[in-house]
Amino acid sequence: MDIINRAVDRFCYNHPRFGIPNLIKYTVFGTALVYIVSLMDQTDTFLSLLALSAPGVLRGQVWRLVTFLFVPSGSNILFLLISLYFYYMVGGALEAHWGTGKFTIYYLFGMVTTILYCFLLWLIFPVGGYLSAYYINLSLLFAFSTVYSETPLLLFGIIPIKAKWLGILSAAMLLYDIFRSWSAFPFNLLHLIMLLNYLLFCGGDLLSRFLPRKRRGPRPINFKKAARRAAKDTKNQPSIRKCAVCGKTDLDYPNLEFRYCSRCEGFHCFCIDHINNHVHFDH
């Protein structure tokens, strides 16, 4: 996994102009446009001509290899608007984090794995079926919940939830779908093929969170927290020397020289600035 990430990063570094800027913007607006046009088609023929279908591609309908990206996953307009806005935000955040080149490769790899799944399923069960970009968008959600795990999001635009919990919830629903079709094992595991892009790009980060701390390496230091703790510990420690004039201590000024005055009665300590410039104690 790390090897693939390094190879992709090296490729993007050597080819800085590679990629499609704002790729997610085109897919989101394309999906919205397809949905609007589909409202005028009462027979759903329009969407069936755009969705990914192995028999259709083999009959020469090669446009399906691209147009399936714009097929809406649902028919509810409110759900569609929320999901499109969400994936627009998620895709933009991932592109900003990875860069245009790496995000484009991630998305294209998701396209390839979805097409591979479609043809494998058709070879095993030679029946006509249609696929949209649902699993590509799901892989974007998983990647976002891994990269920005602590970022708060609004579920359904209302419920605040951290990105990692949204990813866990989506993963639980995916596992439920897999186990629900357990009678078709091992073919029910083919769903995971469409998430290979996530496993290859983010699997290392995900796996590191479940490894023992020693194997993951030292914990990163939170310098602000460490500084507050050190200041608190220092404050609670009694000072050994304190200037009787200015109140400076050897804890506050560890490099400052302190001396005791032999002319004062009792033991009175002074800093180097006041050892020769103070009123002597006579009682």
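Values computed for the structure shown
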| quantity | calculated |
| --- | --- |
| Computed P(r) (all Cα pairs; segment 2-216; 5 Å bins; percent) | 1, 7, 13, 17, 19, 18, 14, 8, 3, 1, 0, 0 |
| Counted charge near Tyr253, where neighbours are those whose Cβ lies closer than 12 Å (Asp, Glu -1; Lys, Arg +1) | -1 |
| Computed lengthening from Lys162 to Leu80, 0.36 nm per intervening residue step minus Cα-Cα distance | 27.4 nm |
| Long-range amide H partners of Leu153 with built H, under 5 Å | Ile161, Lys162, Ala163 |
| Chain lengthening between Glu265 and Asp41 when straightened (0.36 nm per residue, less Cα-Cα) | 70.3 nm |
| Calculated P(r) tail over 13 Å for segment 56-115, as whole % of Cα pairs | 71 |
| FRET efficiency for Val66 and Tyr88, using Cβ-Cβ distance with R0 set to 22 Å, rounded to 0.05 | 0.70 |
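Throughout, read-outs are computed from the coordinates displayed, never taken from laboratory work. This is a predicted model, so every value here is computed, not measured. All Cβ positions, glycine included, derive from the backbone under ideal geometry; neighbour counts span all protein chains shown.
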